[in-house]
Amino acid sequence: MTTSGYGDSGYGDSGYGVYGVGDYLNWGRLVKTWATGDDHVGDGKPYPRPGNLEEFKRQTLQAKCGVVIPDGVTKLVIVQGDSDTLVLRLPSAEMIDATERQIQELAADRSGAPYPLPGFYLDAWGSYPQKTFDRDELLMFNDRRVGEYTINNCA
């Protein structure tokens with residue numbers, strides 16, 4: 001895997017190790033910059049929307065996002081909807097399969113396990129430890145997260 005950037009936002013930063021973000025605050029600001037054209041990063045450096053994966057890696061490193069990209073990823077596609085278009089961004093079948101395998105492994109040795117979420121979710125809820133789920137509950141939680149992410153248009 002390739003890591004670009006710095007930081008550690010806590011529990012579950014790289015999710016299941018497929019893709020990851022070390023600093024969700026910086027990453028969110030960079031995404032907002034690309035989406036709006038306004039500087040949300042605030043470091044005085046330019047961040048034009050990247051046209052290829054190498055430029056994406058350079059900018060995420062510069063903005064200290066700590067983005068983790070699997071080594072097999074070679075291309076970048078950026079899609080932006082507008083207020084009257086629903087854009088459904090579907091995860092790859094391979095990503096769904098890998099995540100479900102990792103969930104099953106997570107729950108295999110325990111009577112329950114927390115769903116791996118980025119630390120900022122738990123910071124907002126204000127309580128640790130997170131609730132534990134059995135294997136079937138973990139898979140259902142993942143189903144809901146995939147559906148929520150897709151219908152919310154990534155915002």
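The values are calculated or read from the model by the stated rules, or taken from the named source; none is laboratory data. All of these numbers come straight from a predicted model, not from anything done at the bench. With ideal geometry, Cβ positions are generated from the backbone for all residues, glycine too; neighbour counts draw on all protein chains shown.
Which residues, taken from the range 62-108, are under 25 Å from residue 133 (Cβ atoms) and aliphatic (A, V, I, L, M)? Break it down into steps so the answer makes sense when it comes.
If we filter the range 62-108 for residues that are under 25 Å from residue 133 (Cβ atoms), which is where we start, we get 68, 90-108.
68, 90, 93, 95, 96, 98, 103, 106, 107, 108 - these are the residues of the range 62-108 that are under 25 Å from residue 133 (Cβ atoms) and aliphatic (A, V, I, L, M).
Going through 78, 69 one at a time, which residue ends up being surrounded by fewer than 16 Cβ atoms within 10 Å (Cβ to Cβ), of a type outside the set (Ser, Thr, Tyr) and either over 21 Å from residue 120 (Cα atoms) or modelled with pLDDT under 95 (or both)?
Being surrounded by fewer than 16 Cβ atoms within 10 Å (Cβ to Cβ), of a type outside the set (Ser, Thr, Tyr) and either over 21 Å from residue 120 (Cα atoms) or modelled with pLDDT under 95 (or both) holds for just one of 78, 69, which is 78.
From 124, 107, grab the single residue that is more than 18 Å from residue 20 (Cβ to Cβ), among the hydrophobic types (A, V, I, L, M, F, W, C) and loosely packed, with under 11 Cβ neighbours inside 10 Å.
124
Inspect all residues belonging to the range 67-85 and state whether any of them is assigned to a helix (DSSP H, G or I) and under 19 Å from the mean Cα position of the chain (by Cα).
For the range 67-85, residues assigned to a helix (DSSP H, G or I) and under 19 Å from the mean Cα position of the chain (by Cα): absent.
Give the range 15-40 a look and list any residue that's assigned to a loop (DSSP other than H, G, I, E, B) and farther than 20 Å from residue 91 by Cβ, or say none.
Within the range 15-40, 22, 23, 37, 38, 39, 40 meet the criteria.
For the range 29-51, does any single residue satisfy the condition of being under 30 Å from residue 126 (Cα atoms), at pLDDT below 85 and small (Gly, Ala, Ser)?
No: the range 29-51 contains no residue that is under 30 Å from residue 126 (Cα atoms), at pLDDT below 85 and small (Gly, Ala, Ser).
Can you confirm whether residue 43 is in the same structural domain as residue 29 (by TED's automatic domain parsing), without any contact (Cβ under 8 Å) to a residue 24 or more places away in the chain and part of a loop (DSSP other than H, G, I, E, B)?
Yes; evaluated as a whole, the condition is true for this residue.
Please give the number of the condition residue 118 fails out of (1) over 17 Å from residue 29 (Cα atoms); (2) modelled with pLDDT under 90.
(1)
If you go through the range 50-58 one residue at a time, do you hit one that is free of Cβ contacts under 8 Å to residues at least 40 places away in the same chain and under 26 Å from residue 143 (Cβ atoms)?
There is no residue in the range 50-58 that is free of Cβ contacts under 8 Å to residues at least 40 places away in the same chain and under 26 Å from residue 143 (Cβ atoms).
State all residues of the range 48-64 that are touching a Leu at 6+ places or on another chain (Cβ under 6 Å) and farther than 14 Å from residue 34 by Cα; if no residue qualifies, say none.
Hit for the range 48-64 is 53, nothing else.
Given (1) closer than 30 Å to residue 137 by Cα; (2) touching a residue at least 24 places away in the same chain (Cβ under 8 Å); (3) out of contact with any helix residue (DSSP H, G or I) (no Cβ under 6 Å at 6 or more places or on another chain); (4) not in a loop (DSSP other than H, G, I, E, B), identify the lone condition not met by residue 117.
(4)
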